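> Let me begin by handing over the structure; questions about it come next.
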Amino acid sequence: MQKKSSAKTKKAVAKRFKLTASGKLKRAKAGKRHLAASKNRKRKRRLSSPGLVSESDTKRMKVCLPFN
């Protein structure tokens, strides 16, 4: 008899996303790592604030985060 596999957390997803109290997923915005000299201050400041994952992607990501 085979042992049933348990749900496992995808560590790559766990490192990149955090679950908010209302159940949405918080993420970092792309575009701040390099070539920052050509971007203005306002743009870099807005890139530093967290963004939210879209609703359609949230459903798929929550499968990867079963214990959060």
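Values quoted throughout were computed directly from the atomic coordinates according to the rules given, and no laboratory measurement underlies them. Because the structure is a prediction, the values reported are computed rather than measured. Every residue, glycine among them, receives a Cβ derived from its backbone with ideal geometry; neighbour counts consider all protein chains shown.
> What's the ranking of 6-13, 60-67 by average number of surrounding C-beta atoms within 10 Å, highest first?
Packing proxy ranking, top to bottom: 60-67, 6-13.
> Would you calculate the volume per residue, in Å³, of the smallest convex hull containing every Cα atom of the chain?
Per-residue hull volume (Cα only) is 109 Å³.
> What is the Cα centroid distance between the stretch 19-61 and the stretch 1-16, reported in whole angstrom?
Value for the Cα centre distance between the two parts: 25 Å.
> Run the simple label-point estimate for S48 and K4 please: 7 Å along Cα→C-beta, distance reported in nm.
With each label placed 7 Å out from Cα toward Cβ, I get 4.8 nm.
> Right, next: In deg cm²/dmol and to the nearest 500, what is the mean residue ellipticity at 222 nm of the chain if only DSSP H runs of at least 4 residues count, each as -39500 (n - 2.57), divided by the residue total?
Roughly -9500 deg cm²/dmol at 222 nm, from the helical runs in the chain.
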